[in-house]
Amino acid sequence: MKLKPVANRLPLLSVLALAVLLASMAYTPALAATTVQHPRVWVEGDLVTDVVPGVSVFTVTAEEPDLQLPFERDGNITIPIASIKFSDQFVANAEEVASGTDSVATNMTFTKDLLQYSNGIKYIVLSESNTADLKPDTWYSSNVLITIDADETESGNQSLPITNDYYILATAKLEKTGANADEIADMYIKIWLVFQDEGGTERKIVLNYDYGRSALDIIASSTLIDVWLPGASVYKTYQFKIQDILDEAGVSWVLTQLTEIKYAVSLKTGATLTSGGEWGCKGYFMNVIVGPDKIYVHSDKVENLVGRTLNDADGNPQGNDETIVFPESYGEVITIYGAEVDEICDLTIPFRYEPEPEIATAGSDGFTYKWTFQIPEPQVSGSFSLSNTKLLMRSWFDGSLYDYLYVAGANKLDEINTLTVDETTGYWEKELLTGLNPGYKYDVEAKVSGLPEDVFMELTAPAAWWTGKGIVYRILMFIYMVLSALGIKAAGVRRNAMRYRVPKR
């Protein structure tokens, strides 16, 4: 047989050389930009736990040793200020309220108690109620006065010597009581702070929580400043720099020392009273802190301030009187500055739990998936709890492409086989299970087949060249390219090669 000249064989040799080169590079066709992904399955819900500032919100310190939950944040956290357990809640020992000097209104009985919520947060409750008929349109006020002694103040963020640059923070609520409480026209509670200035003159700043007030107001006299605050039957927190109060009041005091504190409850009767009626009021005082530092969460921006403060130049409220929003962008560690905090009690944290799935190719056009969820269970009673839990699935493939879907052994295929990919988002999403039980293991298994080749290729990659799959894949692709270059149909070889690709993560 007569051979063709070498020059005539160069094009064919070039094609074969190119085929070898492409095969050695584990050829993957270039695709247009796509958002296709492997399906995702996750659990979401709410975690309720005590959070220690400076530690991940998913670290349960009540367990021994500390338990690190396998969760990540799934939204903003709302921090109730009344759930912040300050190390020192009061400017003087709260126990002193029992031995303080009482002043009781006529025809009234007055009680005072230091109590504690189940989470360990203390509070003072003062109660005033009538022992005889009261006069209409009349104020009745009872109080307890505590003289502050340097030896009796708690350590931490309080200090007897003060300056105008100190801050006052208070958390309190109030309520009407008695069978005829609707005949009470108004009520307020007072936190009465008594100072001395540099000349020894007594000066007073009084925080008044007023039940019927909606706007903050400051009224000053020569020796007293009344700060009138909106009060409510839920805890409200306010924080002010002393100098800001003095500036707003238009006085030039130079304060040097805090000497006394007075807690008061007051009610005003209405124009018409029922004979033999019962009227009363209660004041709940959770925090009264006077210290050198501004108290805030994460950063000293006004939206992170613990407590509402003076209005801005346009008269708009600033700060937070009930809750603080801790955005997801802030991360998993809540830090509170300006005061020592033991913990934030019973905080609700939206979470997501999404373990990595096991993925394997199924033929040349599909995949099998398995997700395993182990829902943590508290080992110490009450250390944490989970609520609103649900298991969800998101898929970038139509439900008709699924061969099976099992959730905890239950066949869920009928729930998804009619679902189609949304053109806007590029996927569909389905809730598969609710009310997951802590301590249980949940398996989710699925199989997809019949995927378009470009989708399969996008979700896979050649195995490493030194592995068995990698070697077989490259040999088959080499054969495919050689045959294609010779004009021989080799689609079957290519399909067989696809079986040796591995899923991308």
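The values are calculated or read from the model by the stated rules, or taken from the named source; none is laboratory data. This one's a predicted model, so the numbers in the text were calculated from it and none came from an experiment. Using ideal geometry, Cβ is built from the backbone for each residue, glycine included, and neighbour counts are taken over all protein chains shown. Just so you know, the surface numbers come from the protein's heavy atoms only, side chains and all, with ligands and any DNA or RNA stripped out. Shrake-Rupley method; radii C 1.70, N 1.55, O 1.52, S 1.80 Å.
Pairs meeting the criteria (first residue in the stretch 399-428 and under 30 Å from TYR440 (Cα atoms) and in contact (Cβ under 8 Å) with a residue 24 or more places away in the chain, second residue part of a strand (DSSP E or B) and open to solvent by 70 Å² or more (accessible area, probe 1.4 Å), beta carbons under 8 Å, at least 6 apart or on different chains) are TYR404/ASN411; TYR404/GLU445; LEU405/ASN411; LEU405/GLU445; TYR406/GLU445. Filtered by the rule that a residue be under 30 Å from THR335 (Cα atoms) and touching a residue at least 24 places away in the same chain (Cβ under 8 Å), the stretch 86-116 gives PHE86, SER87, ASP88, GLN89, PHE90, VAL91, ALA92, ASN93, ALA94.
Checking each residue in the stretch 223-251 for being farther than 15 Å from ASN311 by Cα and either touching a residue at least 24 places away in the same chain (Cβ under 8 Å) or part of a strand (DSSP E or B) (or both) picks out LEU224, ILE225, ASP226, GLY231, ALA232, SER233, VAL234, TYR235, LYS236, GLY250, VAL251. Only a single item in (1) open to solvent by 50 Å² or more (accessible area, probe 1.4 Å); (2) of a type outside the set (Ser, Thr, Tyr); (3) over 30 Å from ASP46 (Cβ atoms) is not met by ALA92, and it is number (1).
Scanning the stretch 457-490 for residues that are of a type in the set (S, T, N, Q) and at pLDDT 75 or above yields a single hit, THR460.
Can you name every residue in the stretch 218-251 that is in contact with a helix residue (DSSP H, G or I) (Cβ under 7 Å, 6 or more places away or on another chain) and open to solvent by 10 Å² or more (accessible area, probe 1.4 Å)? Correct list: ILE218, ALA220, TYR235. None of ASP46, ASP74, ASP113 is of a type in the set (Asp, Glu), surrounded by 13 or more Cβ atoms within 10 Å (Cβ to Cβ) and in contact with a helix residue (DSSP H, G or I) (Cβ under 9 Å, 6 or more places away or on another chain) except ASP74. Considering the stretch 366-412, and only residues there that are open to solvent by 50 Å² or more (accessible area, probe 1.4 Å), assigned to a strand (DSSP E or B) and in contact with a Ser or Thr (Cβ under 7 Å, 6 or more places away or on another chain), the residue that is farthest from PRO438 (Cα to Cα) turns out to be ASP403.
The residue that is most open to solvent (accessible area, probe 1.4 Å), counting only those in the stretch 423-459 that are within 13 Å of LEU401 (Cα to Cα) and part of a loop (DSSP other than H, G, I, E, B), is PRO452.
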